[in-house]
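Everything on this sheet refers to the single structure shown next.
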Amino acid sequence: MALGFIDAEQVQGVIDSTPYPDELLRIWVEKERNALRREGGALEVRDYFTAEVSEFVPHAARGAAVWFLAHLAHFIGTSFTQCVELLDLYIERAAGSPQLLEQLPETTVAIASIVFKFRNTSTLQSFDHAFGQAERGLAQWLEQYGHIQAAGERQARCICDDSGSKEAVERKVMQVLRWQVDLPSVEMWMQAYAHRLDIVSQNLLGDCLEVIMEQGAILAAEVMNHVAVHEIWPQRLARGLICQGLHAAGALHVDLERFSADLPGGVPLSDGLLPASSWWGKVPQCMLPEQFREGMLELLMVALGADRGRLEQDLVLSSIAVRVEALLRGLQLVLDLAHPTGPRARGMFEPPRR
């Protein structure tokens, strides 16, 4: 029996010979499930992207924290999406704390520091100015828009001014996270899936897969600006984005009409649900022989470790997430024009002068 590009009997041996065997992915799945599973159970598709991350942290406040995280993570050279994953996880687990919003600035920079220390071997000391600027900038924004009371002493002082205070905040954050900081990020999932897909397809996807990875990472970061990690888990977002990319490249076709009953009201169906080609940029078209195109879905099921139903649902969810992000990004541009004193307009986060 042929499975797309290779004989089905060879598939497992090929997969197990990669740096991302099934056993490693099972470990990642368990870590993600233990950290992100909610007591209320899984959400229905129609319920996604409709609720606040926490009643104590409005979307606007989370969005500001994520914006500062994006600039801080880029400046210090660490994973932005992993920072956002931990921020969302912290917000949910600390939901009962009356000081959650007040302490959001110091929590945000502490999470960036934790992720950096976990992923990097270099020292953070040279970035103290950037951490302080991000903490003060976020505090000023939250104060200006009425989310917290006057920052007071925080204007002149932040946790990075005192190593003891910074370590104490990081320790508290770790305790709230139950020390679950070694979570697979969207980038990790995408890298694993792309490598497995490249191997089992015998490198026939070539440049197409490379561009899908690059643009998919950009879309993942943009989605996480507005969509909380609990609403679409990193593994599912990664799978969906790879399927989106293959669809944009002409290598995968899925009939989305039958998902109409499960989609939130007002979301277009069929090709209208998928992101516009301009969102994906110029993805090279996969010029594959017809027999290989017919086997693409089966090949994806093996490489991405999911059945057809789950792959199609992840494609739908990730497409909705990209569209939600695009709509909210457009709204943010309108708000920035209406309020030119916001963090984007004011350029609060700037690298230190050298």
request  = Please find the FRET efficiency linking Phe118 to Gln202, where r is the Cβ-Cβ separation and R0 is fixed at 30 Å, and quote it to the nearest 0.05.
outcome  = 0.30
Ranking by accessible area, most exposed first, for Glu92, Glu312 with a 1.4 Å probe = Glu92, Glu312
Heavy-atom accessible area order for Arg136, Arg196, Arg119, Arg236, largest first, 1.4 Å probe = Arg119, Arg136, Arg236, Arg196
inquiry  = With bins 5 Å wide starting at 0, give me the P(r) of region 168-245 over every alpha carbon pair, in whole percents.
reply    = 3, 14, 22, 19, 14, 11, 8, 4, 3, 1, 0
request  = Give me the number: length gained by fully extending Ala168 to Tyr145, i.e. 0.36 nm times residue separation minus the C-alpha to C-alpha distance, one decimal in nm.
outcome  = 5.5 nm
query = Where does each of Lys282, Lys117, Lys31 land when they are ordered by accessible area, with a 1.4 Å probe and the largest first?
reply = Lys282, Lys117, Lys31
key: Anchor Lys166: lysines whose Cα lies under 25 Å away (excluding residues fewer than 8 positions away in-chain)   = Lys117
request  = Describe numerically, in nm with one decimal, the distance between label points set 7 Å from Cα along Cα→Cβ at Gln285 and at Val14.
outcome  = 2.5 nm
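The values are calculated or read from the model by the stated rules, or taken from the named source; none is laboratory data. This structure is a prediction, so every number in the text was calculated from the model and none was measured. So basically every Cβ, Gly included, is an ideal-geometry build from the backbone, and we count neighbours across all protein chains shown. With ligands, DNA and RNA removed, areas are computed over all heavy atoms of the protein, side chains included. Shrake-Rupley method; radii C 1.70, N 1.55, O 1.52, S 1.80 Å.
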